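Below is one structure, written out as C-alpha coordinates, with a few remarks after it.
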Amino acid sequence: MFENDILVAGGDPGFGAIKLDVGDKKVLFPAVICKGNERIFSTLGNPTVARGSDLEAQIASLDVVVKNNSTGAERHYFMGNLAESLNPNEAHYCWDEDKSTDEEATALLVVALALAQETDKANIYLGTGVPVKYYAALKDKYESELKGSWSVMFRSGPCKGQTRQMTIIRSRVLPQSYGVFIKESLNEYGIPTSPKLFNGYVVVVDPGFRTTDIATFYDGVMLDPPNSFSIEKGLKWAYTGVAEKLKEMSYNHQNPIETDDQELDKIFRVHGGHYPWSNGTINLNPVMDQMLTQLGTDITREVKKALKPMMGKVHTVLVAGKVGELVYEHLQFENKVLIEDPQFGNATGFRIMAANLVNNLTKKANAKS
(Lines give C-alpha, C1' and ligand atoms only; values in the text may rest on other atoms or scores of the structure.)
Protein backbone atom coordinates (compact mmCIF):
# COMPACT_ATOMS: atom_id res chain seq x y z
CA MET A 1 0.00 0.00 0.00
CA PHE A 2 1.05 3.57 -0.71
CA GLU A 3 -0.31 6.73 0.87
CA ASN A 4 -3.10 8.86 -0.67
CA ASP A 5 -5.35 5.80 -1.16
CA ILE A 6 -3.15 4.55 -4.00
CA LEU A 7 -3.13 0.77 -4.31
CA VAL A 8 -0.22 -0.84 -6.14
CA ALA A 9 -1.28 -4.30 -7.25
CA GLY A 10 -0.03 -7.26 -9.23
CA GLY A 11 -2.70 -9.48 -10.73
CA ASP A 12 -2.14 -12.90 -12.29
CA PRO A 13 -5.46 -13.88 -13.90
CA GLY A 14 -4.78 -17.53 -14.65
CA PHE A 15 -7.08 -20.06 -16.31
CA GLY A 16 -7.54 -21.95 -13.02
CA ALA A 17 -7.25 -19.31 -10.29
CA ILE A 18 -6.96 -15.57 -9.85
CA LYS A 19 -4.00 -14.36 -7.81
CA LEU A 20 -3.55 -10.78 -6.61
CA ASP A 21 -0.71 -9.33 -4.53
CA VAL A 22 -0.81 -5.83 -2.99
CA GLY A 23 2.21 -6.31 -0.72
CA ASP A 24 0.60 -6.66 2.68
CA LYS A 25 -2.27 -8.80 1.42
CA LYS A 26 -2.75 -11.61 -1.10
CA VAL A 27 -6.03 -12.66 -2.69
CA LEU A 28 -6.60 -16.10 -4.22
CA PHE A 29 -9.76 -17.79 -5.49
CA PRO A 30 -10.80 -20.16 -8.31
CA ALA A 31 -11.39 -18.31 -11.60
CA VAL A 32 -14.92 -19.72 -11.76
CA ILE A 33 -17.92 -17.52 -12.50
CA CYS A 34 -21.62 -17.61 -13.38
CA LYS A 35 -24.53 -15.20 -13.48
CA GLY A 36 -25.91 -14.42 -10.06
CA ASN A 37 -29.54 -14.93 -9.12
CA GLU A 38 -31.79 -14.39 -6.11
CA ARG A 39 -30.88 -16.80 -3.33
CA ILE A 40 -33.58 -18.65 -1.40
CA PHE A 41 -32.38 -21.92 0.11
CA SER A 42 -28.67 -21.17 -0.23
CA THR A 43 -28.94 -18.33 2.31
CA LEU A 44 -29.54 -21.00 4.97
CA GLY A 45 -25.79 -21.23 5.04
CA ASN A 46 -22.79 -23.42 4.64
CA PRO A 47 -20.92 -24.20 7.88
CA THR A 48 -17.54 -24.10 6.12
CA VAL A 49 -17.97 -20.44 5.10
CA ALA A 50 -17.60 -19.16 8.67
CA ARG A 51 -14.03 -20.41 9.09
CA GLY A 52 -10.90 -18.28 8.83
CA SER A 53 -10.31 -14.54 8.56
CA ASP A 54 -12.80 -11.99 7.27
CA LEU A 55 -11.00 -12.00 3.92
CA GLU A 56 -11.21 -15.80 3.68
CA ALA A 57 -14.90 -15.71 4.65
CA GLN A 58 -15.56 -13.03 2.01
CA ILE A 59 -13.67 -14.98 -0.67
CA ALA A 60 -15.86 -17.99 0.17
CA SER A 61 -18.99 -15.89 -0.40
CA LEU A 62 -18.54 -13.89 -3.60
CA ASP A 63 -22.10 -12.83 -4.47
CA VAL A 64 -21.30 -9.51 -6.14
CA VAL A 65 -22.60 -6.78 -8.43
CA VAL A 66 -19.88 -5.34 -10.68
CA LYS A 67 -20.44 -2.00 -12.40
CA ASN A 68 -18.35 -0.41 -15.13
CA ASN A 69 -18.78 3.23 -14.14
CA SER A 70 -17.62 4.40 -17.57
CA THR A 71 -20.36 2.57 -19.51
CA GLY A 72 -22.93 2.12 -16.72
CA ALA A 73 -23.07 -1.63 -17.44
CA GLU A 74 -23.92 -3.58 -14.27
CA ARG A 75 -23.76 -7.36 -13.80
CA HIS A 76 -24.65 -9.70 -10.92
CA TYR A 77 -22.26 -12.65 -10.50
CA PHE A 78 -21.44 -15.60 -8.28
CA MET A 79 -17.67 -16.24 -8.26
CA GLY A 80 -15.16 -18.76 -6.96
CA ASN A 81 -16.33 -21.45 -4.53
CA LEU A 82 -19.79 -19.90 -4.28
CA ALA A 83 -20.34 -20.23 -8.05
CA GLU A 84 -19.26 -23.89 -7.89
CA SER A 85 -21.61 -24.56 -4.97
CA LEU A 86 -24.74 -22.63 -6.00
CA ASN A 87 -24.76 -23.16 -9.73
CA PRO A 88 -22.48 -26.07 -10.64
CA ASN A 89 -24.11 -26.56 -14.06
CA GLU A 90 -23.49 -23.01 -15.25
CA ALA A 91 -20.33 -22.12 -13.30
CA HIS A 92 -17.35 -22.09 -15.65
CA TYR A 93 -13.76 -21.03 -16.08
CA CYS A 94 -14.02 -17.97 -18.25
CA TRP A 95 -10.56 -17.08 -19.47
CA ASP A 96 -10.64 -16.74 -23.24
CA GLU A 97 -7.30 -16.24 -24.98
CA ASP A 98 -8.31 -12.61 -25.54
CA LYS A 99 -8.82 -11.46 -21.96
CA SER A 100 -9.18 -7.82 -23.08
CA THR A 101 -12.72 -8.28 -24.39
CA ASP A 102 -13.83 -10.89 -21.84
CA GLU A 103 -16.28 -9.09 -19.56
CA GLU A 104 -16.30 -11.90 -17.01
CA ALA A 105 -12.49 -12.07 -16.88
CA THR A 106 -12.34 -8.33 -16.17
CA ALA A 107 -15.04 -8.71 -13.50
CA LEU A 108 -12.99 -11.38 -11.69
CA LEU A 109 -9.92 -9.14 -11.66
CA VAL A 110 -11.94 -6.12 -10.47
CA VAL A 111 -13.48 -8.15 -7.61
CA ALA A 112 -10.01 -9.35 -6.55
CA LEU A 113 -8.92 -5.69 -6.42
CA ALA A 114 -12.02 -4.76 -4.39
CA LEU A 115 -11.16 -7.52 -1.89
CA ALA A 116 -7.66 -6.06 -1.51
CA GLN A 117 -8.85 -2.48 -0.87
CA GLU A 118 -8.62 -1.17 2.68
CA THR A 119 -10.74 1.90 1.88
CA ASP A 120 -14.05 2.50 0.05
CA LYS A 121 -12.24 4.28 -2.79
CA ALA A 122 -8.83 3.66 -4.31
CA ASN A 123 -6.70 4.71 -7.25
CA ILE A 124 -4.90 1.69 -8.63
CA TYR A 125 -1.64 1.08 -10.44
CA LEU A 126 -1.97 -2.44 -11.82
CA GLY A 127 0.62 -4.80 -13.19
CA THR A 128 -0.65 -7.94 -14.88
CA GLY A 129 0.17 -10.42 -17.64
CA VAL A 130 -0.96 -12.51 -20.59
CA PRO A 131 0.42 -15.84 -21.85
CA VAL A 132 3.72 -15.54 -23.73
CA LYS A 133 2.19 -16.62 -27.05
CA TYR A 134 -0.50 -13.90 -26.97
CA TYR A 135 1.59 -11.04 -25.60
CA ALA A 136 2.43 -9.27 -28.87
CA ALA A 137 -1.16 -9.41 -30.12
CA LEU A 138 -2.95 -8.43 -26.90
CA LYS A 139 -0.68 -6.18 -24.82
CA ASP A 140 -1.88 -2.73 -25.98
CA LYS A 141 -5.52 -3.75 -26.16
CA TYR A 142 -5.51 -5.26 -22.69
CA GLU A 143 -3.76 -2.25 -21.14
CA SER A 144 -6.33 0.17 -22.56
CA GLU A 145 -9.35 -2.02 -21.67
CA LEU A 146 -8.29 -2.34 -18.02
CA LYS A 147 -8.09 1.39 -17.40
CA GLY A 148 -11.22 3.03 -16.04
CA SER A 149 -13.56 3.28 -13.09
CA TRP A 150 -15.36 0.33 -11.47
CA SER A 151 -17.51 -0.41 -8.44
CA VAL A 152 -18.16 -3.69 -6.64
CA MET A 153 -21.09 -4.24 -4.28
CA PHE A 154 -20.94 -7.26 -1.99
CA ARG A 155 -24.31 -8.99 -1.45
CA SER A 156 -23.13 -11.51 1.16
CA GLY A 157 -20.25 -12.31 3.52
CA PRO A 158 -18.57 -9.96 6.05
CA CYS A 159 -18.71 -7.06 3.52
CA LYS A 160 -22.44 -7.51 2.78
CA GLY A 161 -23.99 -4.20 1.70
CA GLN A 162 -20.63 -2.48 1.19
CA THR A 163 -19.55 -0.97 -2.13
CA ARG A 164 -15.91 -0.48 -3.15
CA GLN A 165 -15.04 2.08 -5.82
CA MET A 166 -11.82 1.97 -7.80
CA THR A 167 -10.12 3.80 -10.62
CA ILE A 168 -7.40 1.93 -12.49
CA ILE A 169 -5.13 4.84 -13.39
CA ARG A 170 -2.38 2.89 -15.12
CA SER A 171 -2.07 -0.73 -16.13
CA ARG A 172 1.05 -2.39 -17.42
CA VAL A 173 0.90 -5.78 -19.10
CA LEU A 174 3.88 -8.13 -19.29
CA PRO A 175 4.26 -11.70 -20.56
CA GLN A 176 3.38 -14.21 -17.86
CA SER A 177 6.61 -15.71 -16.50
CA TYR A 178 8.33 -12.31 -16.83
CA GLY A 179 6.74 -11.58 -13.43
CA VAL A 180 8.60 -14.56 -11.98
CA PHE A 181 11.93 -13.18 -13.20
CA ILE A 182 11.17 -9.74 -11.71
CA LYS A 183 10.15 -11.25 -8.34
CA GLU A 184 13.41 -13.19 -8.13
CA SER A 185 15.72 -10.42 -9.34
CA LEU A 186 14.45 -6.89 -8.43
CA ASN A 187 12.94 -4.93 -5.55
CA GLU A 188 10.30 -2.15 -5.64
CA TYR A 189 12.98 0.47 -6.36
CA GLY A 190 14.49 -1.33 -9.34
CA ILE A 191 17.57 -2.45 -7.38
CA PRO A 192 18.81 -5.96 -8.29
CA THR A 193 18.40 -8.47 -5.46
CA SER A 194 20.14 -11.32 -7.31
CA PRO A 195 22.92 -10.04 -9.61
CA LYS A 196 23.61 -13.59 -10.84
CA LEU A 197 20.25 -13.63 -12.66
CA PHE A 198 21.39 -10.65 -14.78
CA ASN A 199 24.40 -12.61 -16.05
CA GLY A 200 24.20 -15.28 -18.72
CA TYR A 201 21.27 -17.56 -19.47
CA VAL A 202 18.28 -18.04 -17.15
CA VAL A 203 15.07 -19.93 -18.04
CA VAL A 204 11.69 -19.54 -16.33
CA VAL A 205 9.40 -22.58 -16.51
CA ASP A 206 5.86 -21.61 -15.53
CA PRO A 207 3.33 -24.45 -15.95
CA GLY A 208 -0.30 -23.33 -15.75
CA PHE A 209 -3.79 -24.70 -16.16
CA ARG A 210 -3.90 -24.87 -19.97
CA THR A 211 -0.41 -23.89 -21.09
CA THR A 212 3.16 -23.87 -19.84
CA ASP A 213 5.02 -20.60 -20.43
CA ILE A 214 8.76 -20.69 -21.06
CA ALA A 215 10.81 -17.48 -20.87
CA THR A 216 14.52 -17.36 -21.63
CA PHE A 217 16.64 -14.45 -20.37
CA TYR A 218 20.15 -13.45 -21.38
CA ASP A 219 21.87 -10.83 -19.21
CA GLY A 220 18.44 -9.90 -17.80
CA VAL A 221 16.74 -9.41 -21.19
CA MET A 222 13.84 -11.68 -22.19
CA LEU A 223 14.59 -13.26 -25.56
CA ASP A 224 12.08 -13.26 -28.39
CA PRO A 225 10.52 -16.43 -29.87
CA PRO A 226 11.56 -19.13 -30.53
CA ASN A 227 13.56 -18.87 -27.27
CA SER A 228 10.48 -17.77 -25.27
CA PHE A 229 7.32 -19.71 -26.05
CA SER A 230 4.21 -21.50 -24.76
CA ILE A 231 3.71 -25.27 -24.61
CA GLU A 232 0.08 -26.29 -25.15
CA LYS A 233 0.02 -28.53 -22.10
CA GLY A 234 -0.74 -27.94 -18.43
CA LEU A 235 -2.86 -29.19 -15.54
CA LYS A 236 -5.95 -29.51 -17.75
CA TRP A 237 -4.10 -32.17 -19.78
CA ALA A 238 -3.44 -34.13 -16.57
CA TYR A 239 -7.12 -33.85 -15.57
CA THR A 240 -8.18 -35.20 -18.98
CA GLY A 241 -6.05 -38.29 -18.35
CA VAL A 242 -7.54 -38.73 -14.86
CA ALA A 243 -11.09 -38.39 -16.28
CA GLU A 244 -10.40 -41.11 -18.85
CA LYS A 245 -9.02 -43.43 -16.17
CA LEU A 246 -12.00 -42.76 -13.87
CA LYS A 247 -14.42 -43.65 -16.66
CA GLU A 248 -12.42 -46.82 -17.31
CA MET A 249 -12.47 -47.74 -13.60
CA SER A 250 -16.28 -47.41 -13.46
CA TYR A 251 -16.90 -48.92 -16.91
CA ASN A 252 -18.62 -52.09 -15.63
CA HIS A 253 -21.26 -50.12 -13.75
CA GLN A 254 -24.61 -49.03 -15.12
CA ASN A 255 -23.53 -45.38 -15.28
CA PRO A 256 -19.77 -44.96 -15.86
CA ILE A 257 -18.47 -41.73 -14.31
CA GLU A 258 -18.27 -38.86 -16.80
CA THR A 259 -16.40 -35.90 -15.37
CA ASP A 260 -14.46 -32.86 -16.56
CA ASP A 261 -11.48 -30.72 -15.60
CA GLN A 262 -13.56 -28.26 -13.57
CA GLU A 263 -15.10 -30.94 -11.36
CA LEU A 264 -11.74 -32.69 -10.96
CA ASP A 265 -10.08 -29.40 -10.05
CA LYS A 266 -12.50 -29.11 -7.14
CA ILE A 267 -12.02 -32.79 -6.16
CA PHE A 268 -8.25 -32.26 -5.81
CA ARG A 269 -8.42 -28.71 -4.41
CA VAL A 270 -11.20 -29.26 -1.84
CA HIS A 271 -11.50 -33.01 -1.30
CA GLY A 272 -7.84 -34.12 -1.45
CA GLY A 273 -8.28 -36.15 -4.64
CA HIS A 274 -11.01 -38.44 -3.28
CA TYR A 275 -14.00 -38.80 -5.63
CA PRO A 276 -17.24 -39.59 -3.71
CA TRP A 277 -18.90 -42.67 -5.17
CA SER A 278 -21.10 -45.61 -4.18
CA ASN A 279 -20.27 -46.68 -0.60
CA GLY A 280 -17.14 -44.59 -0.25
CA THR A 281 -14.66 -42.69 -2.40
CA ILE A 282 -12.25 -43.41 -5.22
CA ASN A 283 -8.70 -42.25 -4.50
CA LEU A 284 -7.53 -40.52 -7.68
CA ASN A 285 -4.12 -39.46 -6.31
CA PRO A 286 -2.13 -42.43 -7.73
CA VAL A 287 -3.56 -41.71 -11.22
CA MET A 288 -2.83 -38.00 -10.82
CA ASP A 289 0.75 -38.77 -9.76
CA GLN A 290 1.25 -40.76 -12.99
CA MET A 291 -0.14 -37.89 -15.09
CA LEU A 292 2.03 -35.28 -13.31
CA THR A 293 5.12 -37.45 -13.85
CA GLN A 294 4.33 -37.57 -17.55
CA LEU A 295 3.58 -33.84 -17.67
CA GLY A 296 6.95 -33.03 -16.08
CA THR A 297 8.72 -35.37 -18.52
CA ASP A 298 6.94 -33.81 -21.52
CA ILE A 299 7.72 -30.22 -20.42
CA THR A 300 11.40 -31.16 -19.91
CA ARG A 301 11.61 -32.72 -23.37
CA GLU A 302 9.97 -29.72 -25.10
CA VAL A 303 12.20 -27.19 -23.35
CA LYS A 304 15.42 -29.11 -24.03
CA LYS A 305 14.44 -29.59 -27.68
CA ALA A 306 13.57 -25.90 -28.22
CA LEU A 307 16.63 -24.54 -26.39
CA LYS A 308 19.06 -27.24 -27.50
CA PRO A 309 21.90 -24.96 -28.66
CA MET A 310 22.02 -22.97 -25.39
CA MET A 311 20.75 -25.47 -22.79
CA GLY A 312 24.28 -26.26 -21.58
CA LYS A 313 24.87 -22.57 -20.83
CA VAL A 314 21.70 -22.13 -18.71
CA HIS A 315 22.87 -21.66 -15.11
CA THR A 316 19.42 -21.34 -13.45
CA VAL A 317 15.99 -22.76 -14.27
CA LEU A 318 13.36 -20.95 -12.16
CA VAL A 319 10.19 -23.03 -11.67
CA ALA A 320 7.00 -21.20 -10.69
CA GLY A 321 3.24 -21.60 -10.33
CA LYS A 322 1.05 -23.97 -8.35
CA VAL A 323 1.32 -26.47 -11.21
CA GLY A 324 5.09 -25.91 -11.27
CA GLU A 325 5.15 -26.97 -7.62
CA LEU A 326 3.18 -30.13 -8.49
CA VAL A 327 5.51 -31.21 -11.33
CA TYR A 328 8.78 -29.87 -9.87
CA GLU A 329 10.22 -33.25 -8.85
CA HIS A 330 9.47 -34.59 -12.35
CA LEU A 331 11.33 -31.82 -14.23
CA GLN A 332 14.75 -33.06 -15.33
CA PHE A 333 16.86 -29.89 -15.21
CA GLU A 334 20.18 -29.89 -13.33
CA ASN A 335 19.93 -26.26 -12.22
CA LYS A 336 16.25 -26.09 -11.28
CA VAL A 337 15.05 -23.92 -8.39
CA LEU A 338 11.48 -23.85 -7.08
CA ILE A 339 10.84 -20.21 -6.17
CA GLU A 340 9.42 -19.22 -2.81
CA ASP A 341 5.59 -18.97 -2.81
CA PRO A 342 5.46 -20.29 -6.40
CA GLN A 343 1.72 -19.73 -6.89
CA PHE A 344 2.20 -15.96 -6.47
CA GLY A 345 5.40 -15.75 -8.55
CA ASN A 346 3.88 -13.72 -11.37
CA ALA A 347 1.47 -11.68 -9.22
CA THR A 348 4.28 -10.56 -6.88
CA GLY A 349 6.57 -9.75 -9.82
CA PHE A 350 3.83 -7.73 -11.51
CA ARG A 351 3.30 -5.79 -8.24
CA ILE A 352 7.03 -5.03 -8.02
CA MET A 353 6.90 -3.83 -11.63
CA ALA A 354 3.89 -1.57 -10.87
CA ALA A 355 5.68 -0.22 -7.76
CA ASN A 356 8.69 0.65 -9.94
CA LEU A 357 6.33 2.52 -12.26
CA VAL A 358 4.92 4.54 -9.32
CA ASN A 359 8.37 5.22 -7.86
CA ASN A 360 9.66 6.44 -11.24
CA LEU A 361 6.65 8.75 -11.65
CA THR A 362 7.18 10.07 -8.11
CA LYS A 363 10.87 10.70 -8.83
CA LYS A 364 10.00 12.64 -12.00
CA ALA A 365 7.35 14.68 -10.17
CA ASN A 366 9.80 15.51 -7.35
CA ALA A 367 12.51 16.46 -9.84
CA LYS A 368 10.15 18.96 -11.54
CA SER A 369 9.13 20.55 -8.24
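The values are calculated or read from the model by the stated rules, or taken from the named source; none is laboratory data. Keep in mind it's a predicted model, so treat the numbers as computed, not measured. Positions of Cβ are generated from backbone atoms using ideal geometry, with glycine treated the same way; all protein chains shown enter the neighbour counts. For the accessible areas, the whole protein counts, side chains as well, though only heavy atoms, and no ligand, DNA or RNA atoms are used. Shrake-Rupley method; radii C 1.70, N 1.55, O 1.52, S 1.80 Å.
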*Among H315, H274, H330, determine the one that fluctuates most according to a GNM of the chain built with springs between C-alpha atoms less than 10 Å apart.*
H274
*Restricting attention to segment 241-343, which GluC sites (Glu not before Pro) occupy a DSSP loop and are surrounded by at most 11 other Cβ atoms within 10 Å?*
E258, E334, E340
*For the residue pair R75 and H274, what label-to-label distance in nm results when each label sits 7 Å from Cα along the Cα-to-beta-carbon direction?*
3.7 nm
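Just the number please: accessible area per residue for the chain, 1.4 Å probe, all protein chains included, in Å².
With the other protein chains kept in place, the chain gives 47 Å² per residue.
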*What translational diffusion coefficient, in µm²/s and rounded to a whole number, does the Stokes-Einstein relation yield for segment 132-200 at 25 °C and a viscosity of 0.890 mPa s, taking the hydrodynamic radius as the Kirkwood radius over Cα pairs?*
160 µm²/s
*With springs only between Cα atoms under 10 Å apart, run a GNM on the chain and tell me which of A57, A31, A215 wobbles the most.*
A57
_GNM result for the chain, Cα springs below 10 Å: residue of N356, N89, N285 fluctuating most strongly_ = N89
*May I ask for the net charge around K305, where only other residues with Cβ less than 14 Å from the Cβ of K305 are counted and Lys, Arg are +1 while Asp, Glu are -1?*
+2
*What number, in percent, do you get for the relative contact order of segment 150-222 if the mean sequence gap of Cα pairs under 8 Å and at least 6 apart is divided by its residue count?*
21 percent
*How much FRET efficiency would the formula 1/(1 + (r/R0)^6) give for N199 and E340, where r is the Cβ-Cβ distance and R0 is 25 Å, rounded to 0.05?*
0.75
*Count the lysine pairs in segment 211-369 that are 8 or more places apart or on different chains: how many have C-alpha atoms under 25 angstrom apart?*
28
*Tally Lys and Arg at +1 and Asp and Glu at -1 over the other residues with C-beta under 13 Å from the C-beta of D260: what net charge comes out?*
-3
*asked:* Can you give me the distance in nm between label points at L361 and R301, each placed 7 Å from the Cα along the Cα-to-Cβ direction?
replied: 4.8 nm
*Quick one: length gained pulling K308 to E38 fully straight, 0.36 nm per residue minus the C-alpha distance?*
91.5 nm
_Tell me whether segment 155-231 comes out rounded, prolate or oblate; compute the Cα gyration tensor, take square roots of the eigenvalues as a ≥ b ≥ c, and use a/c under 1.5 as the rounded threshold._
prolate
*For segment 289-361, which whole-number percentage of the solvent-accessible area (1.4 Å probe, protein heavy atoms only) is attributable to carbon and sulfur atoms?*
50 percent
_Run the simple label-point estimate for Q254 and T163 please: 7 Å along Cα→C-beta, distance reported in nm._
5.3 nm
*Theoretical ellipticity at 222 nm over the chain - DSSP helices of four or more residues, -39500 (n - 2.57) apiece, nearest 500*: -10500 deg cm²/dmol
*List the relative contact order of the chain as a percent without decimals, with contacts defined as Cα pairs under 8 Å and 6+ residues apart.*
19 percent
